[in-house]
Ligand SMILES: [Zn+2]
């Protein structure tokens, strides 16, 4: 057995209180490829933690057979801070309650000092360059000092992921089909991941503008590759992505155990676990640009009444939902129709039907970049 489990203490936020992370490590330390997976940095996104739980069991079995050939790190609960935040019986796991913002935004930018650290050392050997860059990235993370409980969480998670070949951040949406976010430089190389997990929309953006966890580890490679002279190869050496395990209510052994089996097969296909994963499933989508996915927002408050279901294909101009004003005196002024701004697939909706102005009521996966989708591409 190669498995070890480490308990990492976070910075204590108040006297008498301390939280911790658990990280399970499989395989020989330093073996390649290395994969890092974490669940539910948005702490109220429960399906991801159940997928991680089932994956741990599969990895334990494989480890007992001596089948772990790479190195795999798994953090089954990435956000104990968010998990502790309840208000009137509701778990509030998306934003840090003491003012630190969205748990999956504003991760540290590892790039600014990277070029100077490796100046003069890079050469024509891509594998050697990858080693140098990974060592520098490890150094950059190690030099950061936590100033709060949340930043100690960030730095611990970043230290696990920073030199991995594969980083998978497991989330879920509100009410949604399975989908995946990554960067264009990993397409079509990540088409095996997209097909294996059964992604219904694989959304690509080089920089979504939010400094999300996954981009922290893929972006430095892309920026460095663009900055170095010709003849110095810098491959996109970290395949990083965010997997959205459907909606918050889609939590259950019957759905999430097969999700874990799919990740296991992906890791087999990528050479981290011995054994035959079988044929790759038929892909359920082609990758599309993230700026071609419409975020349909309501301009008014009210009750959202859907006219379309998840998975429906819609045409631009079709009514997706109506926002009902429950204070209206009659039916005709009561409803505001929201129309699709693109042809596409209904990927997400809302579980809670009372909405406020600016709320996203649906995401529609189109293929043509939208004028409404420039700059910041994520949701807060
Ligand atoms: Zn999330």
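No lab work stands behind these numbers, since they all come straight from the coordinates. Everything numeric in this text was worked out from a predicted model, so none of it was measured. Don't worry about glycine lacking a Cβ; one is built from the backbone with ideal geometry, like all the others, and counts go over all protein chains shown.
Annotations for the structure displayed:
- Folded to 0 to 90 degrees: helix 213-227 orientation relative to the chain principal axis, Cα: 70 degrees
- Per-residue ellipticity at 222 nm from helix content only, as computed over the chain with -39500 (n - 2.57) for each DSSP H run of at least four residues, stands at -8000 deg cm²/dmol.
- Each Cα pair under 8 Å and six or more residues apart adds its sequence gap; the mean of these over the residue count of segment 1-105 is a relative contact order of 31 percent.
- Inverse mean reciprocal Cα-Cα distance (Kirkwood Rh) of segment 291-365, Å: 12.3 Å
- For the pair residue 145 and residue 232, a Förster radius of 35 Å applied to the C-beta separation gives a FRET efficiency near 0.65, rounded to the nearest 0.05.
- Reducing segment 135-178 and segment 107-123 to their Cα centroids gives an inter-centroid distance of 18 Å.
- Rounded FRET efficiency, nearest 0.05, which uses the C-beta distance separating residue 159 from residue 67 and R0 of 30 Å: 0.70
- Cα shape, segment 59-198, gyration tensor, a/c 1.5 rule: oblate
- Normalising the average separation of contacting C-alpha pairs (under 8 angstrom, six or more residues apart) by the number of residues puts the relative contact order of segment 4-285 at 25 percent.
- With N counted as the residues of segment 165-245, its alpha-carbon radius of gyration over 2.2 N^0.38 Å works out to 1.13.
- Nearest-0.05 FRET efficiency for residue 7 and residue 116, computed from C-beta distance (R0 41 Å): 0.70
- Top of 31, 39, 292 by mean-square fluctuation, Gaussian network on the chain, Cα under 10 Å: 31
- Hydrodynamic analysis of segment 6-98 uses the Kirkwood radius over alpha carbon pairs. Inserted into Stokes-Einstein at 4 °C and 1.567 mPa s, it gives a translational diffusion coefficient of 89 µm²/s.
- Computed over segment 224-380, the P(r) curve from all C-alpha pair distances, binned at 10 Å from the origin, holds 9, 26, 29, 21, 11, 4, 1, 0 percent per bin.
- Altogether, the Stokes-Einstein calculation at 10 °C and 1.306 mPa s, with the Kirkwood radius of segment 197-238 over Cα pairs as Rh, returns a diffusion coefficient of 133 µm²/s.
- Taking the convex hull of the alpha carbon positions in the chain and averaging its projected area over all directions gives 20.8 nm².
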